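**Student:** Submitted below is the structure of interest, expressed as structure tokens.
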Ligand code: C5P
């Protein structure tokens, strides 16, 4: 059986199209997925999405959609295009909203004759500290809340969830390997945490069973982003996959 390492997702959280394209140019040969988040989407997203498609690059549109089902379905339709591997929504939008997203992805992809982007539901943001959950009206620890939202996402036929590496083991034990785990909050040993509260190293995320690991600042703010990405890939490939 061949070993399946998680894919590295590089968050293009930079303030200009040129900076984003520079990173795509430098990192594309590493076979990574490029994450287009709020900063890129709202700043220069249309052009970046066109350029990623033209470059044949894989992308994750981290739109974190959360609205009424019809609006979210329509937004997903507008985001589906060749090369888009993942689109994110918020699990807290509820069952009907998630179903609308999953159906819109499948329908639009069938019209375009391309593989449907996977729909991933965000559970609890990795920047939320455990003590903040209660302020949000959420009882229990991060793990319980993640599992409750993951169950909703699985029932709505989402492909997977976005969660902290700390919760991946429980997710896989409960829902099985086919329900995918995408983990931000990844920090190589010694890297600054920034606003992330529940972080883990690339190695521990892989060993817990993550399918995608998302890294932003430790790569895009590194003096040499290519060397930083290569060293994270080395760490991923030297970890023992579950
Ligand atoms: O720079 P850093 O590695 O912290 O970037 C993490 C990326 O993952 C950011 O683009 C952020 O929006 C995203 N993300 C996250 N937590 C989630 C979902 C997405 O940090 N729960």
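**Student:** Which of (1) buried (at least 19 other Cβ atoms within 10 Å of the Cβ); (2) free of Cβ contacts under 8 Å to residues at least 40 places away in the same chain; (3) within 22 Å of residue 130 (Cα to Cα) does residue 198 not meet, given it meets every other one?
**Tutor:** (2)
**Student:** Can you pull out the residues in region 206-228 that are within 18 Å of the chain's Cα centre (by Cα) and within 12 Å of the ligand (Cβ to nearest atom)?
**Tutor:** 212, 213, 214, 215, 216, 217, 218, 219, 220
**Student:** While we're looking at this one, here's another question. Evaluate the following for residue 127: is it in a helix (DSSP H, G or I) and under 25 Å from residue 12 (Cα atoms)?
**Tutor:** No: the conditions fail for residue 127.
**Student:** Still on this structure: May I ask you to list the residues in region 171-186 that are out of contact with any helix residue (DSSP H, G or I) (no Cβ under 6 Å at 6 or more places or on another chain) and either surrounded by fewer than 19 Cβ atoms within 10 Å (Cβ to Cβ) or in contact (Cβ under 8 Å) with a residue 60 or more places away in the chain (or both)?
**Tutor:** 172, 173, 174, 176, 177, 178, 180, 182, 184
**Student:** Residue 155 is checked against (1) surrounded by fewer than 17 Cβ atoms within 10 Å (Cβ to Cβ); (2) closer than 23 Å to residue 69 by Cα; (3) within 18 Å of the chain's Cα centre (by Cα) and fails just one. What number does that condition carry?
**Tutor:** Result: residue 155 fails condition (3) only.
We did not get these values from a lab; they are worked out from the coordinates using the rules stated. Nothing here was measured: the structure is a model prediction, and the numbers come from that model. Neighbour counts run over all protein chains shown; Cβ positions are idealised from the backbone, glycine included.
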